[in-house]
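Comments concern the structure below.
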Amino acid sequence: MNILFETINEVAKITLNRPEVLNSFNKQMAMEMQHALDKCAAEKSIRAIYITGNGRAFCAGQDLAEAISPDGPALQSIVKDHYNPIIEKIRRMEKPVICAVNGVAAGAGANIALACDITFAASSASFIQAFSKIGLIPDSGGTFFLPRLVGFQRATALMMLGDKIKADQAFQMGMIYKVCDDVNLQTEAFDVAKNLASMPTKALGLTKRALNASQTNDLTQQLAMEEELQTTAGNSFDYQEGVNAFLEKRPPIFKGE
Ligand code: T3D
């Protein structure tokens with residue numbers, strides 16, 4: 001199995017599992033990843049998704065041996081059929097997607113981490129926009145997310161120079177949410193995923209929909225969208241529960257509905 005999948009406390013844990021090649025993606029692994037994300041979207045009992053890597057790396061991007069193999073998929077198909085659907089599925093998933101970057105994240109591996117909703121990294125982890133080093137352009141949504149996260153100049157430099165940056169530099173630039181000590185990464189990040197899985201999933205999903213739209217909407221469009229989505233959230237079971245729990249001075253029990 002190139003992707004390990006388990007569900008713990010309503011959190012689906014997806015582990016990239018080709019440690020001998022630093023969890024770089026071949027076709028089989030990309031298809032398994034897409035299947036895992038589809039399952040997360042479809043199953044109501046899954047209320048948060050947690051993505052991490054097995055071994056010393058998070059993900060070294062495309063398996064370059066496969067990329068140049070005459071028997072392997074064409075480059076266009078690698079982008080169109082392997083990575084683009086993964087990024088779309090992460091962004092369209094109306095549930096929080098947490099990423100725990102446990103080691104180096106390069107190429108498409110870095111950009112998958114940046115497409116997630118909340119990204120943690122171990123202090124020894126690093127990020128590399130490795131594409132320029134092999135004559136490619138950044139894909140997997142990198143040219144969309146990175147400038148929005150860190151600003152145009154920094155994104156341009158990171159993508160053109162292909163420098164390896166450490167987790168704390170990535171944090172200082174606003175590329176990721178938090179850096180954890182190596183030994184605490186999995187516990188700390190997974191606890192956040194578990195907490196999110198107990199929250200009002202519908203409202204979190206609608207929040208994500210609004211944040212996605214804010215990347216391209218103007219203010220008027222965004223205000224209209226907030227009005228519409230707030231009405232939907234206000235009709236949810238969890239809104240009633242949240243307000244009742246507040247008034248009754250007790251912890252809420254959200255169902256994600
Ligand atoms: O067709 C297309 O390619 C389009 C799609 C593009 C999407 C992309 O992601 S393009 C970018 C592809 N990724 C890279 O260019 C990164 C390549 N890897 C590295 O630069 C380095 O491995 C790292 C900086 C990530 C880590 O360096 P280090 O020194 O910690 O490890 P290493 O010794 O280089 O790698 C360990 C093993 O993993 C090694 O195998 P070996 O010698 O033990 O048998 C190495 O060959 C293998 N490995 C690492 N990355 C890849 C890989 N094998 C295949 N593909 C890889 N991407």
Considering only the range 70-91, state which residues are more than 10 Å from the ligand (Cβ to nearest atom) and in contact (Cβ under 8 Å) with a residue 60 or more places away in the chain. Arg91
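For the range 101-151, enumerate the residues that are of a type in the set (Val, Ile, Thr) and within 11 Å of the ligand (Cβ to nearest atom).
Answer for the range 101-151, where residues must be of a type in the set (Val, Ile, Thr) and within 11 Å of the ligand (Cβ to nearest atom): Val104, Ile112, Ile128, Ile134, Ile137.
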Quick one: which residue in Gln153, Gln76 is at pLDDT below 95, assigned by TED's automatic domain parsing to the domain that holds Thr15 and either out of contact with any strand residue (DSSP E or B) (no Cβ under 8 Å at 6 or more places or on another chain) or open to solvent by 10 Å² or more (accessible area, probe 1.4 Å) (or both)? Gln76
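Got at least one residue in the range 43-54 being farther than 30 Å from Val183 by Cα, open to solvent by 10 Å² or more (accessible area, probe 1.4 Å) and outside any loop (DSSP other than H, G, I, E, B)? Please lay out each step first, then the result.
Looking only at the range 43-54, we keep the residues that are farther than 30 Å from Val183 by Cα, and these are 43-44.
If we keep only those that are open to solvent by 10 Å² or more (accessible area, probe 1.4 Å) too, we end up with 43-44.
So of that shortlist, the ones also outside any loop (DSSP other than H, G, I, E, B) come out as none.
No, there is no match, as no residue in the range 43-54 is farther than 30 Å from Val183 by Cα, open to solvent by 10 Å² or more (accessible area, probe 1.4 Å) and outside any loop (DSSP other than H, G, I, E, B).
Could you check the range 207-257 and list, in sequence order, the residues that are in a helix (DSSP H, G or I), without any contact (Cβ under 8 Å) to a residue 60 or more places away in the chain, open to solvent by less than 50 Å² (accessible area, probe 1.4 Å) and closer than 19 Å to Arg47 by Cβ? Reasoning before the result, please.
Of the residues in the range 207-257, the ones in a helix (DSSP H, G or I) are 207-214, 219-234, 237-247.
Keeping just the survivors that are without any contact (Cβ under 8 Å) to a residue 60 or more places away in the chain gives 207, 210-211, 213-214, 219-234, 237-247.
Filter once more, keeping what is open to solvent by less than 50 Å² (accessible area, probe 1.4 Å): 210, 213, 222, 225, 229, 233-234, 238, 241-242, 245.
Matches in the range 207-257: Ala210, Leu229, Ala233, Asp238, Glu241, Gly242, Ala245.
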Failed item in (1) surrounded by fewer than 24 Cβ atoms within 10 Å (Cβ to Cβ); (2) under 18 Å from Leu22 (Cα atoms), with Gln129 passing the rest: (1)
Right, Gly55: near the ligand (Cβ under 7 Å from one of its atoms) and at positive phi or not? no
When Glu20 is evaluated against the numbered criteria (1) surrounded by fewer than 20 Cβ atoms within 10 Å (Cβ to Cβ); (2) more than 9 Å from the ligand (Cβ to nearest atom), which criterion, by number, is the only one it fails? (2)
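The values are calculated or read from the model by the stated rules, or taken from the named source; none is laboratory data. From a predicted model like this one, the values you see are computed outputs, not experimental measurements. Note that each Cβ is placed from the backbone with ideal geometry, even for glycine, and that neighbours are counted across all protein chains shown. Accessible surface is based on the protein model in full, side chains and every heavy atom, while ligands, DNA and RNA are left aside. Shrake-Rupley method; radii C 1.70, N 1.55, O 1.52, S 1.80 Å.
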